[in-house]
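This report concerns only the one structure given below.
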Amino acid sequence: MNAAELAEALERAVPGAVVAHADGIDMPTLTVTGEHLLAVCRELRDAHGRNFLSAVSAVDNLGYGEAVAGYYGTERGRDINLTGSWGAPVTAELPSTRFKVVYHLARVGDGPPDRVRVQVLLEDGDSVPSVVGVWPTADWHEREQYDLMGIEFTGHPNLRRLIMPSDWAGHPLRKDYPIGGEPVQFTDDV
Amino acid sequence: MSTAERAPAPVVPLYTPAQIPAGAPSKIDPPSGEDLITINFGPNHPSTHGVLRLIVTLDGEVVVGLDADIGYVHTGFEKNFEQKTYWKGIPFAPRMDYVAFFANELAYVGAVERLIGIEVPPRAQWIRTLFAELNRIHSHLIYLGTSGVELGAISLFFYCLRERDTVLDLFEMVTGVRMHDRYPQFGGVFEDLPKGFYAEARKFCKEMPKRIDEYLDLVEGNAIWRDRYRGIGTIDADTAIAMGLSGPNLRASGVPYDLRRVDPYLVYDQLQFDVITGENGDAFDRLMCRTKEMYESVKLIEQCLDSIPDGPVMADDRRYVLPPRNELHTSMESLIHHFKLVTEGFRPPAGELYYAVESPRGEFGCYLVSDGSPKPWRIHFRAPSFVSLQVTAMMAHRRYIADLIAIVGSLDGVMGEADR
């Protein structure tokens, strides 16, 4: 089933949920609204057999198209990494929001996985509903993205830092997180 | 109420499937009670396969609460990848899961190759398959040995390491190093197989099934092993899928889901092998699945040795592929290509994709976002250990603390990969 058919089937079940769809390099990609995310996920799991959540990933698009990947310069610099100093321009379509949360779904059974990518676009400070109720495996995935990217998952039963120490400040995978020269954050009272 | 008057918490019978807890699925909230003790397992406990910390609440000897804390070997791999050009990411990838290093490289290299749309020559595909299976044997040997150590059986560990050394000798013969080889590259593999490799590999294939027979003798018929492993950590197929288990952990519950079979990559669609499944989904089945998978890996290696085609091992696309070393001394163009690729890197098209391989631990996925610049915009790895450690709590709930050790061992988590 390609992205258009899948989007059409979902539109019948959850009207207004799928705002964009594309076939993608590797799998159908559906962009859904945050408010309909849970309904879409349930529909994909129950009616379309996507019973397996491979991963939850979050992407920070701050500086996309302006700075070279990996670093959005702060006043501390690294001008050498600006796009212009590397020659060719970035040809990508600019993302419309700062963050997106991406869910990779698969069908686990005898047949091929028929993967589907579901994504939700977010601005800084937006939250997205937790899918722990749909796929319990999302527990740590969402905690990881909360920890490293600072995405708030509403309804998560145990949203705490997972990877970084519990008293860490900031979210390291954000593009505005300083890369070098920051004071080391460790406390003696463990 | 004092300890003496109070009945200890009952232990769940063997073969009881684990239930997903009502609150957070990866955590068992301890009940309230004054004679419960909460202890720290780890992060430096010798039997936790790395630095895993479990906060365990005990009622006598029985686990009644468990919360796992990971992140002790977090080294920011994903952030680091964003600072490196694509080429410089290759030696980085195998450091995540240092036991299944080759599978990590394959996932990263495969994702980038798919993004840039480069065609990998058949010979390189076959060589990669061969080494992926050698690496699977390596990983399962470490697993088998360490799971024995956790039960107090030290001798199997030495047997396993003996064979592991043979595997690493083969790696060394071809790549020059024993682990973290940086052998697969965008467009192929680093170098062709050296002289004498076939003979050594065939010798290994002849010897290895006998060794696995030995291990099975030691394990399968061993009363202590059976008593310690059977029936604990049971998980049924539906729960395993809901909890995202993959690889041998999922197949032990009877789900024949193997990416090599259902979504073939490399040349697995041209090879004959069985997908090993278990019945009960307990720790013993997981152990058996992995051990018997080694037979299949040997079969796959033999088939690879029989049918590796001749031809180049690197694609000839100088936009992405490093020129052969010998050309650097004679060709100015090659030197320029080399210089540009190493300093600036290549520019893949913008786009995103998810590429997954069957690592010895399960589905190892690489989600790659490119903005068209020479460095990945975002890279996220789906680490099977990270996912499978989530079920520790529900499996260990109301089991003895000795079973907890066996359960953590049977899930085969590698913390380097879980924390990244």
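The values are calculated or read from the model by the stated rules, or taken from the named source; none is laboratory data. Only a predicted model underlies this, so the values are computations on that prediction, with no experimental measurement involved. We place every Cβ from the backbone using ideal geometry, glycine too, and count neighbours over all the protein chains shown.
Do the conditions hold for residue A:97, that is, is it hydroxyl-bearing (Ser, Thr, Tyr) and at the interface with chain B (Cβ under 9 Å from one of its Cβ atoms)?
no
Just checking, how many residues over segment B:177-195 are surrounded by 18 or more Cβ atoms within 10 Å (Cβ to Cβ), more than 14 Å from residue B:313 (Cβ to Cβ) and over 22 Å from the mean Cα position of the chain (by Cα)?
Number satisfying all stated conditions: 0.
Of the residues in segment B:376-405, how many are among the aliphatic types (A, V, I, L, M), over 14 Å from residue B:67 (Cα atoms), under 17 Å from the mean Cα position of the chain (by Cα) and not in a loop (DSSP other than H, G, I, E, B)?
Matching residues across segment B:376-405 total 1.
So which of B:182, B:226, B:260 ends up being more than 29 Å from residue B:92 (Cα to Cα) and in contact (Cβ under 8 Å) with a residue 24 or more places away in the chain?
Unique residue meeting the criteria: B:226.
Is one or more of the residues making up segment B:343-360 out of contact with any Ser or Thr (no Cβ under 9 Å at 6 or more places or on another chain), modelled with pLDDT under 90 and part of a helix (DSSP H, G or I)?
No, every residue in segment B:343-360 fails to be out of contact with any Ser or Thr (no Cβ under 9 Å at 6 or more places or on another chain), modelled with pLDDT under 90 and part of a helix (DSSP H, G or I).
Going by the structure shown, is residue B:132 within 20 Å of residue B:416 (Cβ to Cβ) and at pLDDT 90 or above?
Against the criterion (within 20 Å of residue B:416 (Cβ to Cβ) and at pLDDT 90 or above), residue B:132 qualifies.
Can you tell which of B:279, B:293 is in a loop (DSSP other than H, G, I, E, B), away from chain A (no Cβ under 14 Å) and charged (D, E, K, R)?
B:279
Quickly run through segment B:344-367 and pick out the residues that are within 23 Å of the chain's Cα centre (by Cα), under 24 Å from residue A:22 (Cα atoms) and facing chain A (nearest Cβ under 9 Å).
Residues satisfying the conditions are B:353, B:354, B:355, B:356, B:365, B:367.
Would you mention how many residues in segment B:226-244 are among the aliphatic types (A, V, I, L, M) and in contact with a strand residue (DSSP E or B) (Cβ under 9 Å, 6 or more places away or on another chain)?
Selection size over segment B:226-244: 3.
Residues checked against (1) away from every other protein chain (no Cβ under 14 Å); (2) modelled with pLDDT of 90 or more:
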residue	(1), (2)
A:11	yes, no
A:15	yes, no
A:22	no, no
A:26	no, no
A:49	no, no
A:55	no, yes
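Please tell me if residue B:238 is farther than 29 Å from residue B:390 by Cα and out of contact with any helix residue (DSSP H, G or I) (no Cβ under 6 Å at 6 or more places or on another chain).
Criteria not met by residue B:238.
From the set of residues in segment A:134-190 that are over 19 Å from residue B:380 (Cα atoms) and hydroxyl-bearing (Ser, Thr, Tyr), which is modelled with the lowest pLDDT?
A:187
Go through the residues of segment B:147-160 one by one and say whether even a single one is in contact with a Ser or Thr (Cβ under 9 Å, 6 or more places away or on another chain), surrounded by 21 or more Cβ atoms within 10 Å (Cβ to Cβ), within 12 Å of chain A (Cβ to nearest Cβ) and within 28 Å of residue A:140 (Cα to Cα).
No - not one qualifying residue is present in segment B:147-160.
In segment B:202-250, what count of residues is obtained for those that are away from chain A (no Cβ under 14 Å), within 23 Å of residue B:103 (Cβ to Cβ) and of a type in the set (Val, Ile, Thr)?
Counting residues in segment B:202-250 that are away from chain A (no Cβ under 14 Å), within 23 Å of residue B:103 (Cβ to Cβ) and of a type in the set (Val, Ile, Thr) gives 1.
For the list (1) out of contact with any Phe, Trp or Tyr (no Cβ under 6 Å at 6 or more places or on another chain); (2) facing another protein chain (nearest Cβ under 9 Å); (3) modelled with pLDDT under 90, I need the number of the one condition that residue A:69 fails.
Status for residue A:69: all satisfied but (1).
Inspect all residues belonging to segment A:139-153 and state whether any of them is within 9 Å of chain B (Cβ to nearest Cβ), more than 15 Å from the chain's Cα centre (by Cα) and under 17 Å from residue A:37 (Cα atoms).
no
I'm told residue A:85 meets every condition in (1) assigned to a loop (DSSP other than H, G, I, E, B); (2) more than 22 Å from residue B:366 (Cβ to Cβ); (3) modelled with pLDDT under 80 except one. Can you identify the failing condition by its number?
Going through the list (1) assigned to a loop (DSSP other than H, G, I, E, B); (2) more than 22 Å from residue B:366 (Cβ to Cβ); (3) modelled with pLDDT under 80, residue A:85 breaks only (1).
Out of segment B:50-100, which residues are buried (at least 18 other Cβ atoms within 10 Å of the Cβ), at pLDDT 85 or above and among the small types (Gly, Ala, Ser)?
The answer is B:65, B:68, B:71, B:89, B:93, B:100.
To keep it simple, each residue is scored yes or no on (1) of a type in the set (S, T, N, Q); (2) at pLDDT below 90; (3) part of a loop (DSSP other than H, G, I, E, B).
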residue	(1), (2), (3)
B:192	no, yes, yes
B:203	no, no, no
B:211	no, no, no
B:225	no, yes, no
B:231	no, yes, yes
B:240	no, no, no
B:260	no, no, no
B:272	yes, no, yes
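For (1) more than 21 Å from residue B:113 (Cβ to Cβ); (2) surrounded by 24 or more Cβ atoms within 10 Å (Cβ to Cβ); (3) more than 10 Å from chain A (Cβ to nearest Cβ), each residue gets a yes or a no:
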position: B:369; (1), (2), (3): no, yes, no
position: B:382; (1), (2), (3): no, yes, no
position: B:391; (1), (2), (3): yes, yes, no
position: B:396; (1), (2), (3): yes, yes, yes
position: B:401; (1), (2), (3): yes, no, yes
